[in-house]
Amino acid sequence: MKSLDGKTAFVTGAASGIGFGIATALTQAGVKVMLSDIDADRLDEAVATLKAADADVDGIVTNVSVKAEIKRAADATIARFGKVHILCNNAGMTGAGDYGTWHDAEWDWLIKVNLMSTVWGIEIFGPLIEAHGEGGHIVNTASLAGIIASTTPAYDATKFGVVALSEDLRPKLAERGIGVSVLCPGVVRTQSLANARAIMAKHAPDIPKALSNPEPNERELAMVELMKAAIEPVSVGEMVVDAIRNDWSHIFTNANAAPRIEARFDMIRQGLDRAKAWTTGA
Ligand SMILES: NC(=O)c1ccc[n+]([C@@H]2O[C@H](COP(=O)([O-])OP(=O)(O)OC[C@H]3O[C@@H](n4cnc5c(N)ncnc54)[C@H](O)[C@@H]3O)[C@@H](O)[C@H]2O)c1
């Protein structure tokens, strides 16, 4: 999508962090934005901030772990703006226990919030984007943890799922005039850990309280420290706008992740080399 001016976007998890950064950068490119988020107060604040900068935006409270809520938000977007061209499936959260401490309810919650919300977003918004024939773009927020398993099993697995979904659909939706990009941020300066804890405690009643609000562990404390010096969400939003304009497949925010990605590819290559040696008897 070379020309973004006057187009409409729907962004999930848009009240804070990366989602707000994407919404801000889109409005700066002349895009009208429907911001959606589970947190009504933060959403009001985000919409008011962008309106104060003369952006054409609105907000809708949506819990993306419920398919019917995404459908309702899509209807509201069409009612407010007439058409939709860009979908940013960004809402998501970290968390869930590691080996030996995980819980079914945490897996269910992360699968819904991180992965099924993206599936449902595409299923519901895809036909709306196709309907007007003007083309469009979908950006799915995964994580570097969707390329290198490096956090918790549930988070990594759901984010690998988002990468796979995006790569699978990219050529298929290109034939229908829709670009697909997957955003794989490294560390970005947000309040994601605190937000995730508060949302889980309020909206995921099946997760035992001791799990939804534990003391931060060593990895999480290190992450909070790294975030203090990390890239700002609005810079990520600007990259996303560039990606939509130029149809990037993968959007990375931290070039210093390259050696860790290469290390994973090397591990995979070793497996292929062993298969070659096995089949050729070499
Ligand atoms: N911050 C990072 O370092 C980082 C790194 C890699 C990937 N990510 C991903 O980026 C995305 C945004 O995270 P962030 O860091 O900006 O966090 P954030 O907490 O600042 O923003 C997430 C937003 O999503 C909303 N949200 C959470 N659950 C929701 C639900 N069920 N329905 C609707 N809205 C919901 C929250 O209210 C919040 O406003 C997530 O998918 C996250 O996994 C973040």
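Values quoted throughout were computed directly from the atomic coordinates according to the rules given, and no laboratory measurement underlies them. Treat the numbers as computed from the prediction; the structure is a model and nothing was measured. Every residue, glycine among them, receives a Cβ derived from its backbone with ideal geometry; neighbour counts consider all protein chains shown.
Below are the figures for this structure:
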| quantity | calculated |
| --- | --- |
| Cα gyration tensor shape of the range 55-98, rounded if a/c is under 1.5, else prolate or oblate by comparing a/b with b/c | prolate |
| Lys, Arg +1 and Asp, Glu -1 on Cβ, resulting dipole of the chain about Cα centre, debye, nearest 20 | 440 debye |
| Derived scalar couplings ³J(HN,Hα) [the range 135-148; Karplus, 6.51 cos²θ - 1.76 cosθ + 1.60; whole Hz; x for Gly, Pro] | x, x, 8, 10, 10, 9, 7, 9, 4, 4, 6, x, 10, 10 |
| For the range 19-88, the fraction of alpha-carbon pairs in successive 5 Å shells from zero, as % | 3, 18, 29, 27, 18, 4, 1 |
| Label-zone membership for the range 111-146, site SER3, 7 angstrom Cα→C-beta point, backbone N under 15 Å | 133-136 |
| Ratio Rg/Rh, restricted to the range 114-266 and using Cα atoms, in which Rh is the Kirkwood radius | 0.99 |
| Simple spin-label estimate for ALA201 and ASP54 in nanometres, 7 Å along Cα-Cβ | 4.2 nm |
| Descending semi-axes in Å of the chain, equivalent ellipsoid built from Cα gyration tensor | 30, 24, 18 |
| Ranked list, fewest to most other Cβ atoms within 10 Å of each Cβ, for SER150, SER249 | SER249, SER150 |
| Least to most buried among TRP278, TRP109 (fewest other Cβ within 10 Å first) | TRP278, TRP109 |
| Sorted peptide list for 89-98, 12-21, 61-70, criterion being average Cβ within 10 angstrom, highest first | 12-21, 89-98, 61-70 |
| THR118, THR101, THR141 arranged by Cβ crowding within 10 Å, fewest neighbours leading | THR101, THR118, THR141 |
| For a label point 7 Å along the Cα-to-beta-carbon line of ALA131, residues of the range 66-87 with backbone N under 19 Å | 67-87 |
| Mean Kyte hydropathy of -0.5 or more with a Cα span along the axis of at least 27 Å, helices from DSSP in the chain | 153-174 |
| Sequence-distant residues sharing a close amide H with LEU183 (under 5 Å, placed H) | ASN140, THR141, ALA142, ILE251 |
| Pairwise Cα inverse-distance average, inverted: Kirkwood Rh of the range 59-148 (Å) | 14.3 Å |
| Value of Rg/Rh across the range 173-234 [Cα atoms, Kirkwood radius] | 1.15 |
